[in-house]
Amino acid sequence: MPMTATAVISTRPSTPHPRRKRTWMRAALCAWFIGAATSAWAQPLWFANGRPTQAAQQAVAALADAGADGLEPRDYDADGLKRAIAQADSGTALAPESLDRVDNALTVAMRQYLSDLHKGRIDPRQIHVNFSVADETPFDPDSYLHAAVAANRLPAAIHEAAPSFPLYPTLRDALSRYRALATQPLWNTPLPTPPGNKLAIGQPYDGLAQMAQRLEALGDLPQGTPVPKKYEGALVTAVESFQKRHGLDADGVIGQGTLAQLNTTPSERVKQIALTMERLRWTPLTAGPRVIVVNIPEFMLRAYDYVDGKLDIKLEMKVIVGKALNTRTPMFREDMRYIEFSPYWNVPPSIARSEVVPKSRRDPGYFTRQGFEFVSGGQAITTLSSANLDAVLNGQMRIRQRPGPLNALGDIKFVFPNNQNIYLHHTPTPQLFQRGRRDFSHGCIRVEEPVQLAKFVLQDMPEWTEERIRQAMSKGKSNTIALKQPLPVVLAYGTAIARADGRVYFLPDIYGQDKLLEQALRQRNPPATARAGKLAQTTP
């Protein structure tokens, strides 16, 4: 998942230090458990003397505002509960059974809301994302809710239940901004298609004024900029800014791709932001004090320290990920445990069958030129023969590539053991990093700056200087170094990034993950909270 560009960012000023947060929770939980033991939960949570408490008013206000976090207020019957609490506060006392129904319905709704806010609405494994839904610190929404009410700090507790990673509050602000943009009429009519399906610099265009209005509203064009008679000047600069924010080549030329993005409505962007916020609830971006994250649709890697709620980005670099068509990079979290310098490449059986064996049959010299060899029983065999190729196809031998300038892994490999045989590595074809869209691999991730990444990974092993790292990479002899401490690696997916300066970046959904997540959210069974809330709609 992407993150903000500012190097050091506090989470949210009003969020208490984790130690203080645990202190209030322990105290409030103790008070709540003692009270529960003596009253057997006989007392209503949201009423006192038959009237709604301040906490009840805060709760219905929070449910009504669930959309600010990309959630759906109707999932919690926010309108129905708001009417029920207003009715109970109107001066006419509710009958005991009606009061119990409203109290229970609001409790069920708040419990579900806190759960959704904290850890999301679906199990990510439903959409082929291998993140565990279990927290390292378990979150019990019922205990959390009762403790917050007992401590008279419900609004603060709701705020703290949301993801604390700095990207989340910036996306929350972006969501509000794009909702406001969605009310403007600027996107009611699509921009006209330029003659020849392309608008180059210096050409006339009937849609210049309409395009300028959109770019002003989006913040790419300064307010009040005069509209030129031809496509030039500040308008070209604004389009280049827009292209950078939408994963396009920033050449200023408006082709079909740029036009499609310019015509994408703020309402669609609202969905994209909300889906990214949903992913942040279960993507383990705070898996340790030091983390490496690859955001797949952004084709970027970031390595950062995350201590006491502060994010310090140490390293950013381009990456190449798996092909969208047939070799997609999976999403998961594992710990990096060692680095291999001048690595062998153990060719996966699927690649051996589909690529190496056919090419070797057509061109026997290919096998030798690429530095391949057969491996059988731990023995290396360099002789190319039809029998050996057949043995590979039958699973009796495997193929590996020796260290060297043509090795597919380059000169270094970063290993975080996983059952899908995915790792980070360098590449003998660094020119591919100059491409805008970089899904070219068989699933592993190629990194642009392997030396800098190795320095980050080995920073607690000072004997591994940059000079020594480079020597090990160029030695041509495989050498494996175990890390002193495991280092979390997260392969994540997020198509919306909100920077600390307020700029919002939108990325292509190259693997269709946004569509999968949106479909999974639509196909959920009606939440029990909505059903429970409807029970609250009763008369005294």
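The values are calculated or read from the model by the stated rules, or taken from the named source; none is laboratory data. Remember, it's a predicted structure, so these values are computed and weren't measured experimentally. A quick note on method: Cβ atoms are made from the backbone with ideal geometry, for glycine too, and the neighbour counts reach across all protein chains shown.
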Subject >> Qualifying positions in region 485-514 - assigned to a strand (DSSP E or B), under 17 Å from Gln261 (Cβ atoms) and under 11 Å from the mean Cα position of the chain (by Cα) >> reply: Ala496, Ile497
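Scan region 316-360 residue by residue and report those that are assigned to a loop (DSSP other than H, G, I, E, B), touching a strand residue (DSSP E or B) at 6+ places or on another chain (Cβ under 6 Å) and among the polar types (S, T, N, Q). Walk me through how you get there before you give the answer.
If we filter region 316-360 for residues that are assigned to a loop (DSSP other than H, G, I, E, B), which is where we start, we get 323-330, 342-344, 347-348.
Pick out the ones that are also touching a strand residue (DSSP E or B) at 6+ places or on another chain (Cβ under 6 Å) and you get 323-324, 328-329, 343-344, 347.
Matches in region 316-360: Thr329 only.
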Subject >> Number of the exception - Leu389 against (1) of a type in the set (A, V, I, L, M); (2) closer than 25 Å to Pro450 by Cβ; (3) crowded, with 20+ Cβ neighbours inside 10 Å >> reply: (2)
Subject >> Residue satisfying all of: in region 65-85; within 16 Å of Pro52 (Cα to Cα) and of a type in the set (A, V, I, L, M, F, W, C); nearest to the chain's Cα centre (by Cα) among these >> reply: Ala78
Original post:
Across region 220-249, what is the number of residues that are assigned to a loop (DSSP other than H, G, I, E, B), of a type in the set (Gly, Ala, Ser) and more than 24 Å from the chain's Cα centre (by Cα)?
Top reply: 2
Original post:
In region 489-505, which residue that is at negative phi and surrounded by fewer than 20 Cβ atoms within 10 Å (Cβ to Cβ) is modelled with the lowest pLDDT?
Top reply: Ala500
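Going through Leu325, Leu315, Leu301, Leu311 one at a time, which residue ends up being surrounded by fewer than 17 Cβ atoms within 10 Å (Cβ to Cβ) and under 30 Å from Asp460 (Cβ atoms)?
Working: Leu325 fails: under 30 Å from Asp460 (Cβ atoms); Leu301 fails: surrounded by fewer than 17 Cβ atoms within 10 Å (Cβ to Cβ); Leu311 fails: surrounded by fewer than 17 Cβ atoms within 10 Å (Cβ to Cβ).
Among Leu325, Leu315, Leu301, Leu311, only Leu315 is surrounded by fewer than 17 Cβ atoms within 10 Å (Cβ to Cβ) and under 30 Å from Asp460 (Cβ atoms).
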**OP:** Could you please tell me which pairs satisfy a Cβ distance under 7 Å, a separation of 6+ or placement on different chains, a first residue in region 247-259 that is under 20 Å from Asp509 (Cα atoms), and a second residue that is of a type in the set (D, E, K, R) and part of a helix (DSSP H, G or I)?
**Re:** Ala250/Glu240; Ala250/Lys244
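Tally time: how many residues in region 95-127 are in contact (Cβ under 8 Å) with a residue 24 or more places away in the chain, part of a loop (DSSP other than H, G, I, E, B) and either under 19 Å from Glu278 (Cβ atoms) or in contact with a strand residue (DSSP E or B) (Cβ under 8 Å, 6 or more places away or on another chain) (or both)?
Of region 95-127, the ones in contact (Cβ under 8 Å) with a residue 24 or more places away in the chain are 95, 98-122, 124, 126-127.
Applying the additional criterion that residues be part of a loop (DSSP other than H, G, I, E, B) yields 95, 120-122.
The next check asks that each one be either under 19 Å from Glu278 (Cβ atoms) or in contact with a strand residue (DSSP E or B) (Cβ under 8 Å, 6 or more places away or on another chain) (or both); those that pass are 120-122.
Adding up the residues that qualify gives 3.
Which strands (runs of 3 or more DSSP E) sit wholly inside region 373-450 and have at least 1 residues that are of a type in the set (Asp, Glu), touching a residue at least 24 places away in the same chain (Cβ under 8 Å) and in contact with a Gly (Cβ under 8 Å, 6 or more places away or on another chain)? Even if it seems obvious, please write down each step before you answer.
Working: elements: 379-381, 398-401, 412-415, 439-441, 445-447.
Of the strands (runs of 3 or more DSSP E) lying wholly inside region 373-450, those with at least 1 residues that are of a type in the set (Asp, Glu), touching a residue at least 24 places away in the same chain (Cβ under 8 Å) and in contact with a Gly (Cβ under 8 Å, 6 or more places away or on another chain) span 439-441.
Is it the case, given these coordinates, that Pro462 is in a loop (DSSP other than H, G, I, E, B) and surrounded by fewer than 20 Cβ atoms within 10 Å (Cβ to Cβ)?
Values: in a loop (DSSP other than H, G, I, E, B): yes; surrounded by fewer than 20 Cβ atoms within 10 Å (Cβ to Cβ): yes.
Considered against the rule, which asks whether it is in a loop (DSSP other than H, G, I, E, B) and surrounded by fewer than 20 Cβ atoms within 10 Å (Cβ to Cβ), Pro462 comes out as yes.
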